[in-house]
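The values are calculated or read from the model by the stated rules, or taken from the named source; none is laboratory data. Every value quoted in this text rests on a predicted model; they were computed, and no experiment measured them. Cβ sites come from the backbone with ideal geometry, for glycine too, and all protein chains shown count toward neighbours.
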Amino acid sequence: MVRHPVRAAISAVVVLLLAAGTQAASEQRNQPGKFDFYVLSLSWSPSFCKESEERGREGGEQCRGRPYSFVVHGLWPQYEKGFPRDCQVPSPRLGRDAMKSMLDLMPAPRLIYHEWDQHGTCSGLDAQAYFDLIRKARDAVKIPESYTAPTKTLTVSPDDVEDAFIKVNPGLSHEGIAVTCSSTRLSEVRICMGKDLKFRDCGETDKRACRRDKLIMPPIRGG
């Protein structure tokens, strides 16, 4: 079968235009500072350490007997649907002093570098301003008392955890918080915040929440 040369040319142009449009859309969606809101992700450190042990991996400083409970995983720029990532490649170098200043909230150097490269570069802020914002976001969220330093394993439902956070954080709603899980353990609590760090709803994030009825929260380590 012989293809008509005009049709073949038109098809080639269409393919090129679609590819160019896709690339332009991708570039537009990964511009520093061009996003809708943040997600503050708080990781339940005892679950992370348990899973690291089971996989025979080194869990880092936070798993060496330190009594960590919720630690900051990251502050992630988000679109209403989807999210930007790696907005500057290569990313501006993160200084060691800036990294060390965050170890009280994010007790893993590799995580801090990763979060800056993948998410911080999309914030439109320089490194110091971005990590200052993470600290402000963390300060804006109160941890329910029962989750600050449990010394025994807790069995909870995702709704239990959401209710507890909502109770102590005025303005936070069920549509603005998501509990995630890994296997049978609580993994993270993700809280949506505007660029002003005020709580806000985020349907797309809430859709990715854990659907299990019950979850385990291992106790803090070395407490």
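Kindly establish whether Ser146 is touching a residue at least 40 places away in the same chain (Cβ under 8 Å), within 24 Å of Pro46 (Cβ to Cβ), out of contact with any Lys or Arg (no Cβ under 8 Å at 6 or more places or on another chain) and surrounded by fewer than 20 Cβ atoms within 10 Å (Cβ to Cβ). Spelling it out, it is not the case that Ser146 is touching a residue at least 40 places away in the same chain (Cβ under 8 Å), within 24 Å of Pro46 (Cβ to Cβ), out of contact with any Lys or Arg (no Cβ under 8 Å at 6 or more places or on another chain) and surrounded by fewer than 20 Cβ atoms within 10 Å (Cβ to Cβ). Of all residues in segment 44-52, none are in a strand (DSSP E or B) and among the hydroxyl-bearing types (Ser, Thr, Tyr).
Okay, residues lined up against (1) buried (at least 21 other Cβ atoms within 10 Å of the Cβ); (2) of a type in the set (D, E, K, R); (3) in contact with a Pro (Cβ under 6 Å, 6 or more places away or on another chain):
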site	(1), (2), (3)
Phe35	yes, no, yes
Ser43	yes, no, no
Glu53	no, yes, no
Gly60	no, no, no
Trp76	yes, no, no
Glu80	no, yes, no
Asp86	no, yes, no
Ser91	no, no, no
Arg96	no, yes, no
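Restricting Arg7, Arg3 to those that are more than 25 Å from Asp132 (Cβ to Cβ), at pLDDT below 75, loosely packed, with under 11 Cβ neighbours inside 10 Å and in contact with a helix residue (DSSP H, G or I) (Cβ under 9 Å, 6 or more places away or on another chain) reduces the list to Arg3. Residues of segment 202-209 include at least one that is β-branched (Val, Ile, Thr) and surrounded by 14 or more Cβ atoms within 10 Å (Cβ to Cβ). Restricted to segment 24-63, and to residues there that are modelled with pLDDT of 80 or more and of a type in the set (A, V, I, L, M), the residue that is farthest from Arg138 (Cα to Cα) is Val39.
Checked against (1) farther than 16 Å from Phe35 by Cβ; (2) modelled with pLDDT of 95 or more, His119 meets all criteria but (1). Within the set Cys122, Cys63, Cys87, the sole residue that is of a type outside the set (Lys, Arg) and farther than 25 Å from Val179 by Cα turns out to be Cys87. Taken over segment 176-223, the residue count meeting the criterion of being at pLDDT below 95 and either part of a helix (DSSP H, G or I) or of a type in the set (A, V, I, L, M) (or both) is 7. So, in segment 163-182, of the ones that are free of Cβ contacts under 8 Å to residues at least 24 places away in the same chain, touching a helix residue (DSSP H, G or I) at 6+ places or on another chain (Cβ under 9 Å) and more than 18 Å from Ala137 (Cβ to Cβ), which residue ends up surrounded by the fewest Cβ atoms within 10 Å (Cβ to Cβ)? Residue satisfying both the conditions and the ranking: Asp163.
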